[in-house]
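Heads up: the structure comes next, in structure tokens.
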Amino acid sequence: MAERTFTDEILDDRMAEIPRRKTPAERLEMTFAMWRFAQDLVRAAVRDEHPDWSDDQVNREVARRLSHGAV
């Protein structure tokens with residue numbers, strides 16, 4: 001059996017309809033909210049791994065991880 005990849009996933013039509021009904025500004029806000037949520041999750045993981053790090057160190061590591069090492 002072939003291994004499934006993310007591109008194999010199909011978005012349910014009912015789920016796809018939700019953002020279609022939104023204005024461009026609402027869709028952008030949804031995107032920003034998801035980005036902030038991702039940052040919060042990564043920040044919590046970094047803080048858990050490195051409780052002795054300063055806010056600056058944590059922020060740099062969060063940026064590094066979310067940029068796939070480009071920062």
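Let me know the shape class of the stretch 14-71, please: from the alpha-carbon gyration tensor, a ≥ b ≥ c as square roots of the eigenvalues, rounded when a/c is under 1.5, otherwise prolate if a/b is greater than b/c, or oblate.
Prolate shape, in that a/c is at least 1.5 and a/b is the bigger ratio.
Tell me, what % of the accessible area of the stretch 6-71 is carbon and sulfur with a 1.4 angstrom probe?
The value for the stretch 6-71 is 59 percent carbon and sulfur by accessible area.
Provide GLU61, GLU26 ordered by accessible surface of protein heavy atoms (probe 1.4 Å), highest first.
The ranking, largest first, comes out as GLU26, GLU61.
Per residue, what accessible area does the chain have, given a 1.4 Å probe and all protein chains present, in Å²?
88 Å²
Under a point-charge model restricted to the Cβ atoms of Lys and Arg (+1) and Asp and Glu (-1), what is the dipole moment magnitude of the chain relative to its Cα centre, in debye to the nearest 20?
280 debye
The values are calculated or read from the model by the stated rules, or taken from the named source; none is laboratory data. As the structure is a computational prediction, the values presented were derived from the model and not from experiment. All Cβ positions, even for glycine, are placed from backbone atoms using ideal geometry, and neighbour counts span all protein chains on display. In case anyone asks, the SASA skips ligands and DNA or RNA and just uses the protein heavy atoms, side chains included. Shrake-Rupley method; radii C 1.70, N 1.55, O 1.52, S 1.80 Å.
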